[in-house]
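Read-outs: derived from the displayed coordinates by stated rules, not from any lab. Note that the structure is a prediction, hence the values are computed from the model and not measured. Neighbour counts run over all protein chains shown; Cβ positions are idealised from the backbone, glycine included.
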Amino acid sequence: MYKTALLQLVGVLVAAGLASLWLGQRGALSVLLGGAAYAIPNLFFVTRLSASAAKKRANVATFFVGELVKILATIVFLVAAQWFYPVHWLALLVGLFVALKANLFALLLKN
C-alpha cells in the first residue's frame, strides 16, 4: 500500500516538473496542490489502515470511515487551495488526475 502512495507522490512531482516548463511557477505549484490534495489524505489513510491491520482490528467499518475521511479531506484541501492561492485550474486538475491514476500504474508495476 505504501508503494502506491509513493508512486502518487513521484508522479505528482514529475507532473509538476513538466508543468513548470510550460506554465511556470504558478502552474507547477497548482499541480503540486492538486496532487497533494489526494496523495496526502491517501497516505494518512494507508498508514491508519496498516496500523489497524497490524493490531488485527481492521474491519469494513475502518475502511469505509477512512475512505469517507479521505474524500472529505481531499475536498477541503482543494477548496482551501483555491481560496488561499490563485491556482491554475487545468494544472490543479492535472495534478489531481495524476495522483488518482497512479493506482492503475501501480497495478502495472506489481510483480
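The figures follow:
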{"item": "Whole-Å distance, taken between Cα centres, linking segment 5-38 and segment 43-76", "result": "25 Å"}
{"item": "Lysine pairs in the chain with Cα atoms under 19 Å, if 8 or more residues apart or on separate chains", "result": "5"}
{"item": "Mean Cβ neighbour count within 10 Å, used as a protection proxy, ranking 75-85, 25-35, 39-49, 54-64 highest first", "result": "25-35, 39-49, 75-85, 54-64"}
{"item": "Value of Rg/Rh across the chain [Cα atoms, Kirkwood radius]", "result": "1.03"}
